[in-house]
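Trainee: Would you mind keeping the following structure in view while I ask a few things?
The values are calculated or read from the model by the stated rules, or taken from the named source; none is laboratory data. Just so we're clear, the structure is a prediction, and the values are computed from it rather than from any experiment. Here Cβ is always computed from backbone atoms with ideal geometry, including for glycine, and neighbour counts include all displayed protein chains. Accessible surface areas use protein heavy atoms only, side chains included; no ligands, DNA or RNA. Shrake-Rupley method; radii C 1.70, N 1.55, O 1.52, S 1.80 Å.
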Amino acid sequence: MASGRIPSGPWGPSQFRDPVQPDRDPQRSFNWGSPAARQHIQRPAPATDFTSIWQIVRADSWEALKPLALTVLGPESHMLGFCFGVAEGGWGVIEGLLGFLQMIVLNGIYQKIHGPWGMSSWDPISRWESQAWDYLLHSRLEEAHRQFRQLMDELHLVVSNPREFFGNVWNSEVNEYSQKWKRYTWLLKHPSIANEFQRGRLEGQTALEVVLLLATVIDGVGLAVKGVKAIGDLPALARLARGVTKEEAEALLKARRFEDLRTGGGGTVEEPPVAAARSKPASSSWKFLPKQTGRIEPGAVPGTPELKQAMVEAEARTAPTAPDGSPVLPARDATTFGATPKLTDIGGKKLYRVIGRAEEPTNTGSYWSLDPPPTIEDEWRGSAAVKDAWNGDGGYITATAPDGLKAWTGPAAPQPAAVEGYVLPGGGNQVYVPRGTLIADGPPQPTPWNTGAK
Amino acid sequence: MATPTKAERIESLKKQGLKALASQLEDLAARLMSLLSQADAEARRLPVEQQEGAQAFAQTAIGIVREYQNRLMQSMLERDPKGLEWTAGQFGSLARFFGDEDYRWFSRRDELDNVLDHLLDVAAAIFASINTFDPASLESAREALS
């Protein structure tokens with residue numbers, strides 16, 4: 001069965017089958033930069049009409065459903081992210097997935113119609129139109145909403161009590177999934193416009209992950225294998241899980257860990273010989289990670305007018321004047337802050353700096369954070385707004401600021417991601433000190449997501 | 001007379017029009033590339049303990065700027081405002097990349113800094129001139145490029 005991998009962003013890279021020309025061979029790499037390539041990718045239309053709903057209901061493939069979902073839900077919407085999270089890896093593997101995705105899209109429409117005014121990006125005219133849709137399609141939309149709520153209830157149940165449902169499978173995968181699901185829980189508690197799509201995608205990924213794991217503990221007649229309880233509490237998820245063969249679920253979980261599926265399989269850049277030689281820290285058994293290319297950076301989100309405005313403002317930011325004796329913030333570096341930076345006493349504080357190649361302990365760089373590297377690359381790249389092209393990362397150093405040291409602090413400004421239409425939203429705390437101000441406490445350590453380090 | 005702020009410089013540049021700004025950006029990118037090539041050559045002659053970091057910086061910077069140059073040229077050829085906006089945004093992000101790198105060893109670092117600062121202003125003016133979320137802005141940018 002075809003893997004049906006799809007790209008990790010709402011417009012997706014060109015390995016997607018083109019909805020306009022389905023016979024056209026999918027291409028391997030991202031090439032949205034070329035207008036010639038872009039013309040084959042269907043972008044969302046600026047407005048929707050009544051027929052969109054019927055087209056969603058009647059869509060006979062994900063390729064047909066995808067542009068409709070983009071149009072009616074919007075590229076940054078939570079529900080669109082959910083669709084992508086499930087379809088990334090699940091398409092072509094789970095029987096009946098199309099109906100499931102249609103249900104998610106219809107639920108997204110239901111939420112737009114019934115949510116508070118502030119939640120909807122639709123203008124008042126289209127809102128009247130949406131109420132007409134609701135009048136005509138109420139039962140279908142309401143049913144989709146009911147099914148989605150049930151699914152979410154089940155999903156939260158599984159994520160909160162994994163051992164109840166996965167038995168031995170869970171025991172062997174405990175570290176991997178506990179990290180992912182911890183992030184899932186964290187993101188749900190930190191909603192923002194900027195990461196709605198990302199949150200939805202993570203939820204969808206988690207749902208898919210749960211379905212695949214359930215498929216590995218359900219036997220040929222659809223019953224839970226020995227040692228696994230409570231499958232009966234998950235009728236919606238179990239129904240999907242029964243549409244996957246155990247072998248396929250195991251193969252997919254084993255061969256393609258979730259993060260690889262999500263990032264769309266971007267390649268790596270061959271490092272210059274010098275950089276490659278330097279990428280192995282002295283007296284260490286681990287290596288820095290190679291720079292990635294051809295992917296949407298983990299943590300990147302679809303661009304929005306608000307993020308665009310934030311980038312325009314950052315680029316025009318002027319450095320505040322430094323009082324006598326304080327470090328000067330170069331004009332250029334002021335533009336890397338998402339708000340006017342403040343001069344702060346960081347004396348005695350521990351600072352962290354993620355690096356992609358070794359630095360001399362006495363000639364460390366300018367950009368630091370007061371927060372340790374998070375457990376997952378998405379959080380770091382997204383909040384620190386660090387592009388793949390700059391930093392393959394994989395290691396970090398720490399330094400303790402001497403008493404009385406002042407530094408410029410503030411949120412990191414958003415940066416354009418490697419793929420057109422996406423942005424690394426920034427917002428994480430950023431500390432600027434002139435190069436060489438801080439002395440590393442010790443040799444670099446691998447970042448938590450540098451899994452090849454050990 | 002007070003030195004204009006960055007915001008004032010960007011506003012002033014915007015008056016030149018998109019086509020003239022894109023052309024300036026091409027020139028500045030070419031000058032930056034030329035300086036980086038010289039930096040790469042100088043890096044190879046540095047003492048061994050400095051050489052690795054210096055060469056890694058120069059080679060990475062050359063790779064990044066070359067990619068943006070190609071995209072800029074393509075956007076200009078195809079009169080593609082979205083491509084131009086994306087490229088200008090990428091050039092703008094060089095502020096952070098260069099801000100975190102050490103090239104004090106480079107004999108023409110002041111010239112490099114001047115070219116880079118000018119390039120960042122022009123890129124910011126282009127980026128602020130095109131709103132990809134506004135069809136009218138895109139249409140106007142397309143006309144300006146033709």
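Trainee: Tell me, rounded to the nearest percent, the portion of alpha carbon pairs in chain B spaced more than 24 Å apart.
Mentor: When every Cα pair of chain B is considered, 35 percent fall beyond 24 Å.
Trainee: If you roll a 1.4 Å probe over the heavy atoms of the protein chains, what accessible area per residue do you get for chain B, in Å²?
Mentor: Solvent-accessible surface per residue comes out at 44 Å².
Trainee: Using a 1.4 Å probe on protein heavy atoms, which residues of region A:322-350 have at least 50 Å² less accessible area in the complex than alone?
Mentor: Listed in order, they are A:332.
Trainee: Next question, about the same structure. If I compute solvent accessible area with a 1.4 Å probe over the protein chains, what percent of it on region B:1-130 is carbon and sulfur?
Mentor: Summing carbon and sulfur atoms, their accessible area is 48 percent of the total for region B:1-130.
Trainee: What is the set of long-range amide H partners of residue B:134 at a cut-off below 5 Å, with H atoms built 1.01 Å from backbone N?
Mentor: none
Trainee: Provide the per-residue ³J(HN,Hα) series for region B:32-47, in order, calculated from phi with Karplus coefficients 6.51, -1.76, 1.60 and θ = phi - 60°, each as a whole number of Hz, with x at glycine and proline positions.
Mentor: Couplings: 4, 4, 4, 5, 5, 5, 5, 4, 4, 5, 5, 4, 5, 9, 6, x Hz.
Trainee: A plus B alone minus the pair: what accessible area, both sides summed, probe 1.4 Å, in Å² to 100?
Mentor: Approximately 3600 Å² gets buried when A meets B.
Trainee: Another question, then. What does the structure give for B:9-16 when I average, per residue, the other chain Cβ atoms found within 10 Å of the residue Cβ?
Mentor: Counting other chains' Cβ atoms within 10 Å and averaging over B:9-16 gives 1.
Trainee: Follow-up question, since we're still on this one. Return the inverse of the average 1/r over all pairs of distinct C-alpha atoms in region A:275-410, which is the Kirkwood hydrodynamic radius, in Å to one decimal.
Mentor: 16.8 Å
Trainee: Please compute the per residue accessible area over region A:373-454 with all protein chains in place, 1.4 Å probe, rounded to a whole number of Å².
Mentor: Accessible area per residue, region A:373-454: 31 Å².
Trainee: Let me ask something else about it. Residue by residue through region B:13-18, what is 3J(HN,Hα) from phi via Karplus (6.51 cos²θ - 1.76 cosθ + 1.60, θ = phi - 60°)? Round to whole Hz and write x for glycine and proline.
Mentor: Values per residue, Gly and Pro as x: 5, 4, 5, 6, x, 5 Hz.
Trainee: Let me ask another. Considering amide H positions built from the backbone, and no H for Pro or chain starts, which residues 5 or more places from residue A:293, or on another chain, come under 5 Å of its amide H?
Mentor: For residue A:293, whose amide H was placed from the backbone, the distant partners under 5 Å are A:267, A:268, A:269.
Trainee: Mind listing the long-range amide H neighbours of residue A:423? Cut-off is under 5 Å, sequence gap 5 or more, other chains count too, H placed in the peptide plane at 1.01 Å from N.
Mentor: When sequence neighbours closer than 5 places are left aside, the close amide H contacts are A:301, A:303, A:417.
Trainee: How big is region B:57-97 by the Kirkwood estimate over distinct Cα pairs, in Å?
Mentor: Over region B:57-97, the inverse of the mean reciprocal pair distance is 10.4 Å.
Trainee: Tell me the chymotrypsin sites (Phe, Trp or Tyr not before Pro) within region A:346-454 that lie in a loop according to DSSP and have at most 10 other beta-carbon atoms within 10 Å.
Mentor: Here no chymotrypsin sites (Phe, Trp or Tyr not before Pro) fit, given the DSSP loop and packing criteria.
Trainee: Next question, about the same structure. Quick one: which of A:387/B:82; A:291/A:406; A:66/A:112; B:6/B:82 span more than 27 angstrom between C-alpha atoms?
Mentor: Going by Cα-Cα distance, A:291/A:406 fall outside the 27 Å limit.
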